[in-house]
Structure formats: structure tokens, C-alpha cells
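Trainee: Just dropping this structure here.
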Amino acid sequence: MSNDTSNQMWGGRFSAGVDAIMEAINASIDYDKRMAAQDIEGSRAHAAMLAAAGIVTDSDAEAMREGLLTVLSEIEGGTFEFSAALEDIHMNVEARLKALIGAPAGRLHTGRSRNDQVATDFRLWVRDQMDAAIEGLEALQRAFLGQAEAGADWVMPGFTHLQTAQPVTWGHHMMAYVEMLGRDVSRFRDARARMNECPLGAAALAGTSFPIDRDMTADALGFDRPAANSLDAVSDRDFALEFLSCASICAMHLSRFSEELVIWSSAQFRFVTLSDSFSTGSSIMPQKKNPDAAELIRAKIGRIFGANVALMTVMKGLPLAYSKDMQEDKEQTFDAADNLMLALAAMEGMVRDMSANRESLAAAAGNGFSTATDLADWCVRVLNMPFREAHHVTGSLVAMAEEKGCDLPDLSLAEMQKVNGEITGDVFSVLTVENSVASRTSYGGTAPGEVRKQIARWKEKLV
Ligand code: ARG
């Protein structure tokens, strides 16, 4: 028999209440209340199924379903009083339902357990986040696409080792991110398809003796099918790990572009000007305009990947089926999701609003002997030189230009012929950055025509 201090859900077995410290370590309500809508949606589906299967009466199920809507509106309206003594969102909702509708509330937990309940709620929550991530990513892709379209043929330096390598186009660089983000989208889609199986009805771990209809609840909650093994259904959190892995890879991409923005917006580069609305000033240096949003996005990967590592560590030693350790799956997943969405939105704003400085890009494009490969390729194509020899000849010309303190196109033909007598004036046609990028017409190359083809392909995909 339960007394006043023992828990109202399992008071039959206990005679004394819990220590305050026990309550503090045990309660998850402070954060799992974020799953209130999912919990209520799951319970409503479960109640309808119990009635359809003849396990509870239609009128009891109706009372439960109506009462649950009232609980939801109380939570959404901010009038609901959450109790740490009731540990988590599942018991808070059920206790309130009991207060609202009385006896029928006690029948809601027939044929289920908090173990399949939490697995269901959390899946629904993570699934929503996957959808939100996909939406955020596509908005960001559109922003990159807009930049690419505006400057499809603007020349800029392409880098390896952050050293000028070969000229590329601004459009090409922007489209590189459209590709990366496209893979992020497809990763989230794959993970979503894999996780979309319903744990509800797996009960504590073994299934139930009640004649439940798991297809009905799976269907009502938008799952493709019920999970086929009750032990697995309640005890894996791989779907959250996949979400965090996808989020980590995505955050890594965002972080790389953030790093580029930090470099590009510096006085030394001046490749882009960030809008005032996505920059901050300095409290002491009046000239400063800082790319704080980019820096913060660059840092977000830390907590997102941290959440991934944390959950992997929580899970790795757990015997089947449920262990309370799994309650530690949510907080960091919530935090990672919040920060991923924020990073995606901030980056979308930055990319949409930034302006590329066409002149600075062009001026830098020719620096660092960026057309040296074009010169070597010319020697191969026109003089039929083996590439290794062409590389050597070009290296000597670069050294000569470096000595003179000029760029490759500034060398005279006579000077070039001192290195190799066969070189003709035609070589100058490949030494400009415009000709260099225009010549890179291989599929996926940086030639403006190729870039425009990719822009058109993505525009069609993203409408
Ligand atoms: N608050 C718990 C969690 O988040 C709910 C499941 C509790 N199950 C149990 N058998 N104690 O994991």
C-alpha cells in the first residue's frame, strides 16, 4: 500500500519517499519536458489503439485522448506545474491526466512501459530535428547558390595548403559548399529512413500479453513500421547517434566555411565584406568589424561532436535492454540540435548578406604565379614536352619572375626563351587568370560554363 511520501506510480512496492539527492540525480523533467508534445502524441495514439483492440472502452479512450489534449494546452500555455518528484515527462503527464479525468487515466499504461514510451518520444523528437536540419540546410544551399549565380565567372585564387594554387571562380568555390551541404541533407535523409520504426508496444523489454495492434500505433505516429524486436526497440539509441554523427559532419562543413569567412573578411584578404547585421564591433578599437558569428559557428562543432562522443560513451557498455544510463541521451542531443539549427540559420544569414569584393578577388587571383600550371600544360600541349620537363621549365620561369619581382605574364618572350628556346608568343594567351579558368572545362571543373551547368542542376533540385 502506498503512503503519502512514496511514489504514486510504484508506491505499492515502497514505503518511504526518496532522498532529495536521489530525486535530483533521478529526475529528467527539467529537460525531457521538451518532449511533451511527442509524449502526448504517442499516448493519444496508444489510447486509440487500446480501444480499437478492445483492451479499454471507447469512452475511456476518448476521455484519455481529450484529457491529454488539455494537458498539452496547459503545458503550451505555461500553466502546467512540473514536478521533479514525478521524475520525467511521462509521469508528469500521466499524473496530471489522472487529476483531470480520474480512473480512466490509470488504464493508459496498459500494454506499454516507460521504456517503449521514452524510446518512441525521443525518436519522434529526433525525427523532427532531422526534418528541421534538412530544411535549414536547403535554405543555406539556396544562399550559396545565390552567391554562385552572382559571381559565376569572377576569378579568385584557389588554394592548397592555403598557398595560392590555381585560379578558380567564385561561383565554383560557392558551389563546393552546395555539394557538401547536399551530402549533409542526404545523410540526414538516410538516417531518418533507417530510424523510422516504432518502438511503442515493445513494452518494458519483452512485448506484452495484451492483443495490441502495433501497426496501428506505428501508422498513427508516421512511422513506416513497428520495430521488429522488442529488446532492440527499447534499448538502442543508434538513431540519436546517427543524428549526432550527421550533425557533427554538417557542423564540420559549417566550421570550414566559417574559417574561410574569418580569413576572407580580414584586412589582409578583403575577399568579402560581411553585413553589419552579422558582425560586431570592438569596444575599444573603433575600426573593428568582427566576424563573431563565423567564429561562433566554427566553435559549435566542439559541443556537437562532444555530444556524439558523450552518447557513444554512455551506450557502449550497456547490456540489453534498458538501463537508466540512457536517460543521459537527451540533454546533450537537445543542446547539439539547438546549436546546429542556430548555426545553420546564422550561416544562412551571413552567406545571403555578404558581398564578395570582385576586385580584391581578381587582384589576388593572379598572385603567387597561379597560372604556372597553365604554362606547364601549354608546353606539353604545344611543344609536346613530357609533363615532368614542362614542370621543370615552368619552375625555372617562376624562379626568374620571383627574382625580378614580377608575375609570369610580365616576363618578356626573350626572357622566357632563355629558359627554353622553343617557347612562342602564343604562351601569353594562357597566362591570364581569365583564360586559365575558362580552359578548365573538364566535368566539375572551374570554367564558368561548367559552374553554370552545376548551378542550373542544383536550382532545379532546390525549388
Ligand atoms: N526518464 C527515463 C529516461 O529518460 C524514462 C524511462 C524510465 N524507465 C525506467 N525503467 N526507469 O530514460
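The values are calculated or read from the model by the stated rules, or taken from the named source; none is laboratory data. Since the structure is predicted, the reported quantities are computational estimates derived from the model, not experimental observations. Because the Cβ atoms are built from the backbone with ideal geometry, glycine has one as well, and the counts that use them run over all protein chains shown. Surface areas here come from the heavy atoms of the whole protein model, side chains and all, with no ligands, DNA or RNA. Shrake-Rupley method; radii C 1.70, N 1.55, O 1.52, S 1.80 Å.
Trainee: Which condition breaks for Ser83 when tested against (1) in contact with a helix residue (DSSP H, G or I) (Cβ under 8 Å, 6 or more places away or on another chain); (2) among the small types (Gly, Ala, Ser); (3) more than 17 Å from Arg34 (Cβ to Cβ)?
Mentor: The one condition Ser83 does not meet is (3).
Trainee: Moving on. Tell me which of these Leu383 doesn't satisfy, since it passes every other one: (1) closer than 30 Å to Ala143 by Cα; (2) out of contact with any strand residue (DSSP E or B) (no Cβ under 7 Å at 6 or more places or on another chain); (3) of a type outside the set (Gly, Ala, Ser).
Mentor: Here Leu383 clears every test but (1).
Trainee: May I pose another question? Hey, among Lys418, Lys330, which residue is part of a helix (DSSP H, G or I), under 30 Å from Asp121 (Cα atoms) and among the basic types (Lys, Arg)? Reasoning before the result, please.
Mentor: Values: Lys418 fails: under 30 Å from Asp121 (Cα atoms).
Just one listed residue meets the conditions, Lys330.
Trainee: Quick check: is even one residue across the stretch 141-160 surrounded by 19 or more Cβ atoms within 10 Å (Cβ to Cβ) and either on the phi > 0 side of the Ramachandran plot or within 16 Å of the ligand (Cβ to nearest atom) (or both)?
Mentor: No - not one qualifying residue is present in the stretch 141-160.
Trainee: Continuing with this model, one more query. Residues being within 16 Å of the ligand (Cβ to nearest atom) and among the polar types (S, T, N, Q): count how many of those fall in the stretch 61-90. It would help to see each step written out before you state the result.
Mentor: Taking the stretch 61-90 and keeping what is within 16 Å of the ligand (Cβ to nearest atom), we get 82-90.
Narrowing the set further to residues that are among the polar types (S, T, N, Q) leaves 83.
Within the stretch 61-90, residues that are within 16 Å of the ligand (Cβ to nearest atom) and among the polar types (S, T, N, Q) number 1.
Trainee: Going by the conditions given, is Phe369 within 22 Å of the chain's Cα centre (by Cα) and buried (at least 16 other Cβ atoms within 10 Å of the Cβ)? Talk me through it step by step, then tell me what you get.
Mentor: Details: within 22 Å of the chain's Cα centre (by Cα): no; buried (at least 16 other Cβ atoms within 10 Å of the Cβ): yes.
Considered against the rule, which asks whether it is within 22 Å of the chain's Cα centre (by Cα) and buried (at least 16 other Cβ atoms within 10 Å of the Cβ), Phe369 comes out as no.
Trainee: Next up: So, of the residues in the stretch 305-317 that are away from the ligand (no atom under 12 Å from the Cβ) and of a type in the set (A, V, I, L, M, F, W, C), which turns out to be surrounded by the fewest Cβ atoms within 10 Å (Cβ to Cβ)? Spell out how you get there, then give the answer.
Mentor: Taking the stretch 305-317 first, the residues away from the ligand (no atom under 12 Å from the Cβ) are 305-313, 315-317.
Subset that is of a type in the set (A, V, I, L, M, F, W, C): 305, 307, 309-312, 315.
On the way: Phe305: 19, Ala307: 26, Val309: 12, Ala310: 18, Leu311: 24, Met312: 14, Met315: 19.
Among those residues, the one meeting the criterion is Val309.
Okay, residues lined up against (1) over 24 Å from Arg142 (Cβ atoms); (2) open to solvent by less than 70 Å² (accessible area, probe 1.4 Å); (3) free of Cβ contacts under 8 Å to residues at least 60 places away in the same chain:
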| position | (1), (2), (3) |
| --- | --- |
| Glu260 | no, yes, yes |
| Ala293 | no, yes, yes |
| Ile297 | no, yes, yes |
| Ala321 | yes, yes, no |
| Glu331 | yes, no, no |
| Ala343 | no, yes, no |
| Gly349 | no, yes, no |
| Asn357 | no, yes, no |
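Trainee: Arg107 versus (1) within 16 Å of the ligand (Cβ to nearest atom); (2) open to solvent by 20 Å² or more (accessible area, probe 1.4 Å); (3) closer than 20 Å to Ala202 by Cα: which is the lone unmet condition?
Mentor: Here Arg107 clears every test but (1).
Trainee: Among (1) in contact with a helix residue (DSSP H, G or I) (Cβ under 7 Å, 6 or more places away or on another chain); (2) of a type outside the set (Ser, Thr, Tyr); (3) under 30 Å from Val155 (Cβ atoms), which single condition is Ala345 missing?
Mentor: Among (1) in contact with a helix residue (DSSP H, G or I) (Cβ under 7 Å, 6 or more places away or on another chain); (2) of a type outside the set (Ser, Thr, Tyr); (3) under 30 Å from Val155 (Cβ atoms), Ala345 violates only (3).
Trainee: If you don't mind, there's one more thing I want to ask. Determine which single condition Phe387 fails, assuming it passes every other condition in (1) away from the ligand (no atom under 16 Å from the Cβ); (2) in contact with a Leu (Cβ under 7 Å, 6 or more places away or on another chain); (3) among the aromatic types (Phe, Trp, Tyr).
Mentor: With respect to (1) away from the ligand (no atom under 16 Å from the Cβ); (2) in contact with a Leu (Cβ under 7 Å, 6 or more places away or on another chain); (3) among the aromatic types (Phe, Trp, Tyr), Phe387 is out only on (2).
Trainee: Here is a list: Leu361, Leu296, Leu342. Which entry is more than 16 Å from the ligand (Cβ to nearest atom), under 25 Å from Gly182 (Cβ atoms) and touching a strand residue (DSSP E or B) at 6+ places or on another chain (Cβ under 7 Å)? Before the answer, list the steps.
Mentor: Values: Leu296 fails: touching a strand residue (DSSP E or B) at 6+ places or on another chain (Cβ under 7 Å); Leu342 fails: touching a strand residue (DSSP E or B) at 6+ places or on another chain (Cβ under 7 Å).
Within the list Leu361, Leu296, Leu342, the selection yields Leu361.
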